[in-house]
Every structure is written in C-alpha cells, then in structure tokens.
Amino acid sequence: DVVSSKFDQTCKLYNLTVREMEIVKLILKGSTYKMIGKTLFISGRTVTKHVENIFEKMGVANKVELINRLRVNPD
C-alpha cells in the first residue's frame with residue numbers, strides 16, 4: 001500500500017527505530033502518551049523519552065509539526 005510505504009520511507013529517512021515508528025503511528029492515530037504506554041507496555045516516561053528523540057531526529061517541536069511532516073500528500 002502506497003501510504004504505508006511512503007510512511008516507512010519517511011521514517012527510514014529520519015533513521016527512526018522500529019519502536020519509534022510504532023509510537024509515531026500511534027500519535028498519528030491520536031493516541032495520548034498514556035495510551036501509547038499501555039499499548040506498547042512501556043512507562044509514560046519512556047514514551048516521553050522516545051517522543052523527544054523522534055522530535056529531535058525529525059527536527060520538529062511538537063505533535064502538530066510531526067503530523068504535518070509525516071502527512072502523506074498524493075502527488
């Protein structure tokens with residue numbers, strides 16, 4: 001599917017780990033950090049740390065910028 005392969009390419013471009021990609025997918029679905037922690041069986045603090053790493057790797061400051069960066073625009 002074109003959307004997921006484009007998402008995967010973008011994640012690879014920013015060197016996101018598999019775990020970081022899982023977290024990004026959940027953020028895109030609108031999950032809170034608490035929900036992400038429960039889904040992935042990790043603590044809220046761990047989610048926050050991963051999110052900080054993702055923001056740093058992708059050069060964004062918040063979830064809105066992250067979502068905009070990953071939004072798949074049809075060509």
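Structure above, values below:
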read-out: Residue within the stretch 15-22 that is at pLDDT below 95 and assigned to a helix (DSSP H, G or I) present; value: no
read-out: Given (1) among the hydrophobic types (A, V, I, L, M, F, W, C); (2) outside any helix (DSSP H, G or I); (3) exposed (fewer than 15 other Cβ atoms within 10 Å of the Cβ), index of the condition Val3 fails; value: (2)
read-out: Criterion: surrounded by fewer than 11 Cβ atoms within 10 Å (Cβ to Cβ) and either in contact with a Leu (Cβ under 7 Å, 6 or more places away or on another chain) or not β-branched (Val, Ile, Thr) (or both) - qualifying residue of Asn53, Asn15; value: Asn15
read-out: The stretch 56-75 - residue that is in a loop (DSSP other than H, G, I, E, B), among the hydrophobic types (A, V, I, L, M, F, W, C) and without any contact (Cβ under 8 Å) to a residue 40 or more places away in the chain and, of those, most open to solvent (accessible area, probe 1.4 Å); value: Ala61
read-out: Residue match in the stretch 24-34 (condition: part of a helix (DSSP H, G or I), of a type in the set (A, V, I, L, M), open to solvent by 60 Å² or more (accessible area, probe 1.4 Å) and modelled with pLDDT under 95); value: yes
read-out: Residue count for the stretch 3-43, restricted to those that are of a type in the set (A, V, I, L, M) and touching a residue at least 24 places away in the same chain (Cβ under 8 Å); value: 6
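The values are calculated or read from the model by the stated rules, or taken from the named source; none is laboratory data. Here the structure is a predicted model, which means the values were calculated and not measured. Note that each Cβ is placed from the backbone with ideal geometry, even for glycine, and that neighbours are counted across all protein chains shown. We work out accessible area using only protein heavy atoms, side chains counted, and drop any ligands, DNA or RNA first. Shrake-Rupley method; radii C 1.70, N 1.55, O 1.52, S 1.80 Å.
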